[in-house]
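The values are calculated or read from the model by the stated rules, or taken from the named source; none is laboratory data. None of these values were measured; they are calculated from a predicted model. Cβ coordinates were reconstructed from backbone atoms using ideal geometry, including for glycine residues, and neighbour counts include every protein chain displayed.
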Amino acid sequence: MEYFRISKIFPVLSDLLEKGLRPFTNHVDSGAIIFSHISLILAFWYPAFIGFNDSTITVFAGFQTVGLCDSMASIIGSIFGTTRFKNNRKSIEGSLAFFSAMLLSTIAISLVTRTKLYLVNILIKSIITTAVEAYLEENDNIILPLISINFSL
């Protein structure tokens, strides 16, 4: 998609992609390439690819961290976020939402997939992933699933 948008080989398609994708960008996407969309696709794809033949929660890492937890942090932080971290635009309320979503979704996924996880592992995974999300200012879509996977094994 990025190739067609940038190259303008098909001007109608390029304009359509530009109008459709550009409104959903942030400061990371100030250049010609819209990196946020590429990293979002990778965040969903590579954990599923890594754990494709595995019945553990690894397969769900991208959907869980980026699709659910990061979204919850953004929504709750935008609406209720009043207490900001120092030198950071993110809020403690958003991070608490991320942590809660990570903790509860990990428990739910492990029950559904019948993956045996210990509560201490789930807590460590939730705390570390939340801390990384809270302190990364740049696009965290690639990093969060990797961290989640490492603590799910």
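Would you check if there is a residue in segment 80-95 being buried (at least 17 other Cβ atoms within 10 Å of the Cβ), among the hydrophobic types (A, V, I, L, M, F, W, C) and either at pLDDT below 80 or over 30 Å from Arg5 (Cα atoms) (or both)? Full working, then the answer.
Residues of segment 80-95 buried (at least 17 other Cβ atoms within 10 Å of the Cβ): 81, 90-91, 93-95.
Add one more test, that the residue is among the hydrophobic types (A, V, I, L, M, F, W, C), and what stays is none.
No, that holds for no residue.
Are any residues in segment 1-28 of a type in the set (Phe, Trp, Tyr) and modelled with pLDDT under 75, and if so, which ones? I'd like the intermediate steps shown before the answer.
We begin by selecting, within segment 1-28, every residue of a type in the set (Phe, Trp, Tyr); these are 3-4, 10, 24.
Passing the criteria: Tyr3, Phe4, Phe24.
Go through segment 46-153 and tell me which helices (runs of 4 or more DSSP H), entirely inside it, have 3 or more residues that are of a type in the set (Val, Ile, Thr) and out of contact with any Gly (no Cβ under 6 Å at 6 or more places or on another chain). Break it down stepwise before answering.
On the way: elements: 71-80, 92-112, 119-135, 143-150.
Qualifying helices (runs of 4 or more DSSP H): 92-112, 119-135, 143-150.
Tally up the residues in segment 96-153 that are within 15 Å of the chain's Cα centre (by Cα), loosely packed, with under 15 Cβ neighbours inside 10 Å and of a type in the set (Gly, Ala, Ser), please.
1
Which count do you get for residues in segment 29-61 that are more than 15 Å from the chain's Cα centre (by Cα) and either modelled with pLDDT under 70 or buried (at least 18 other Cβ atoms within 10 Å of the Cβ) (or both)? Step through it out loud before you land on a result.
Start the filter on segment 29-61 by keeping residues that are more than 15 Å from the chain's Cα centre (by Cα), which leaves 29-34, 49-57.
The next check asks that each one be either modelled with pLDDT under 70 or buried (at least 18 other Cβ atoms within 10 Å of the Cβ) (or both); those that pass are 29-31, 34, 51-57.
The number of residues fulfilling the criteria is 11.
Cβ contacts < 6 Å: first residue without any contact (Cβ under 8 Å) to a residue 24 or more places away in the chain, restricted to segment 68-90; second residue assigned to a helix (DSSP H, G or I) and of a type outside the set (Val, Ile, Thr), any location; separation 6+ or different chain. Result?
From segment 68-90, the pairs are Ile76/Glu93; Ile76/Gly94; Ile76/Ala97; Gly77/Glu93; Gly77/Gly94; Phe80/Glu93; Gly81/Glu93; Gly81/Gly94.
Output the residue which, of all residues in segment 62-79 that are touching a Leu at 6+ places or on another chain (Cβ under 8 Å) and among the aliphatic types (A, V, I, L, M), is surrounded by the most Cβ atoms within 10 Å (Cβ to Cβ).
Among those residues, the one meeting the criterion is Val66.
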